[in-house]
Amino acid sequence: MRVTLPRNAPLVAALGVTQIIGYGSIYYAFPILAPAVAREFQVGEPLLFGLFSIGLLLGGFAAPVLGGWLDRIGAAQVMTAGSISMALLLTLLAFSPNIHVFGGLTILIEILSFAVLYDAAFAMLAQKRPDDTRKSITRLTLIAGFASTIYWPLSGFLVDAIGWRGAHLFFAATHILCAALHFWTRALPVAVAPTSPVAASPQQPSAAPVMGKAVARRAFQLLAMGFALTGMAISAVTVHLVEILRSLTLGEAAYVAAMVMGPAQVVVRVVDATVWRNRHPLFVAILSAGAILAAVLLLLLPGPASLIAFAFAAILGAGAGLSSIVRGAVPVALFGASGLGLRLGRLAAIRSVLGAAAPFLFAWAAAAYSMTWAVCAALVVSVLGLGALLLLHWDLQRIGVVPPLRSKPVRHGMSA
């Protein structure tokens, strides 16, 4: 069923709530609750984070399978089942009798997290709002960007008030709410604008330029490489953010500088929703990769340590904030909504494997050589990531799929 496009605020708001809960309870709460868990089970915190990393790594291998399900049975159905699974697993986690059960459940949660987080939500937006996906993704990431702001203090309050087991029971209850919201989205019809080419020709959305199989395959490979390498740099630098800033001899001011990253992510998403809203998503992806490169490069330049630290955190936050948007918007713009779940799953698999390895490799380089060597390695990875995206743009511009980087924004055209 296809109807005239209604306001998409209810769908985006519902997914925004579920993304805040998902990222908050699955990712941001973990380091806050880890000390209490480690004390009760009498294990070191590194073991807990190691289990968490194993889950992330295995989740990357599971992502293509889960992504295929998004396409075959629908994102709303997969997200509903995923939320119910999260509620069950978090409940079991709260009653873990030992570290072995806790570890196994933690790994399983991370493996299944793809089904309830950004990639699944992006697939749902593409399925439900094929003519407005780019704007919907930007608005969703604006809402979900508050997950850390809410869940860091909330997790700290819960662990003090009711313990880590009670906190996980609370999180399990919130995933029941997510399941209800995801189930509600099942009934929403596919909505397109009345003047949209999508409505006129459902078989060939205007957001999916025609590319030959060979061109499309090379485009996907370059996109995967660009996203994975840029994501690897982001993962390495953000995990060690405070350590990097403290290496600039800032002392406790390093924590203040690190706090700039969060607001920068929100601000740049507002800019994307306004200033760059008519730009092709690949243009924004290149800006994101360029920002990550510029942020890392700043660490190697001479100058006032405090100025460099705050500029680094702000630019890094801007690049990371845009990366969340483009990882959903670019595949839709280049390849269309059909088969998006599988594509996002494959992109997530590559990104997860490299992202899981990045913090370890960065820490090893810093310990074996120096922080400067580690930063230089991150710089090389950033350059390669940006280079892959620039090469992709050059390839597609030659055949007219994307506009030149310096072209004026278009009011009506491919914007996913």
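The values are calculated or read from the model by the stated rules, or taken from the named source; none is laboratory data. Bear in mind the structure is a predicted one, so any value in this text is a computation, not a measurement. Here Cβ is always computed from backbone atoms with ideal geometry, including for glycine, and neighbour counts include all displayed protein chains. Surface areas here come from the heavy atoms of the whole protein model, side chains and all, with no ligands, DNA or RNA. Shrake-Rupley method; radii C 1.70, N 1.55, O 1.52, S 1.80 Å.
List of remarks:
- The order of V381, V326, V275 by accessible area, most exposed first and with a 1.4 Å probe, is V275, V381, V326.
- Charge dipole (debye, nearest 20) of region 94-180; +1 at Cβ of Lys and Arg, -1 at Cβ of Asp and Glu: 220 debye
- Projecting the Cα atoms of A123, A349, V296 onto the dipole axis of the chain, where Lys and Arg carry +1 and Asp and Glu carry -1 at the beta carbon, places A123 farthest toward the positive end.
- Heavy-atom accessible area ranking, 1.4 Å probe, most first, across T249, T372: T249, T372
- For E110, solvent-accessible area (1.4 Å; no DNA, RNA or ligand), Å²: 10 Å²
- Note on region 281-356: Cα-Cα pairs beyond 19 Å make up 47% of the total pair count.
- Of the chymotrypsin sites (Phe, Trp or Tyr not before Pro) found in region 60-139, the ones in coil according to DSSP and having at most 12 other Cβ atoms within 10 Å of their Cβ are F95.
- Accessible surface for region 236-383, divided over its residues, is 39 Å² per residue with a 1.4 Å probe.
- Along principal axes, Cα extents of region 278-321, largest first, whole Å: 37, 14, 13
- Per atom type, region 62-155 shows carbon and sulfur on 73% of its accessible surface, probed at 1.4 Å.
- A probe of 1.4 angstrom, applied to the heavy atoms of all protein chains, finds D71 with accessible area near 60 square angstrom.
- Rg and Dmax of the chain, based on Cα coordinates, read 21.0, 63 Å.
- Long hydrophobic helices in the chain: the complete DSSP H runs spanning 30 Å or more by Cα along their own axis with mean Kyte-Doolittle hydropathy of at least -1.0 are 45-73, 147-185, 213-239, 305-335, 340-368, 371-398.
- Here the dipole of the chain is about 1460 debye; that uses its Cα centre as origin and unit charges on the Cβ of Lys and Arg (positive) and Asp and Glu (negative).
- Peptides ranked, highest mean first, by Cβ atoms within 10 Å: ranges 304-312, 222-230: 222-230, 304-312
- Measuring between their Cα centroids, region 94-138 and region 327-353 lie 15 Å from each other.
- Estimated D of region 310-416 in µm² per second, where Rh is the Kirkwood radius over Cα pairs and Stokes-Einstein applies at 25 °C, 0.890 mPa s: 149 µm²/s
- Stokes-Einstein D in µm²/s, Kirkwood radius over Cα pairs - region 132-187 at 10 °C with 1.306 mPa s viscosity: 120 µm²/s
- Computed from the alpha carbon atoms alone, the convex hull of region 35-193 holds 111 Å³ per residue.
- Figure legend: label point modelled 7 angstrom from the Cα of S370 along Cα→Cβ; residues of region 274-314 with amide N under 16 Å from it are 299-303.
- One Cα centroid belongs to region 49-69, the other to region 283-316; the line between them spans 30 Å.
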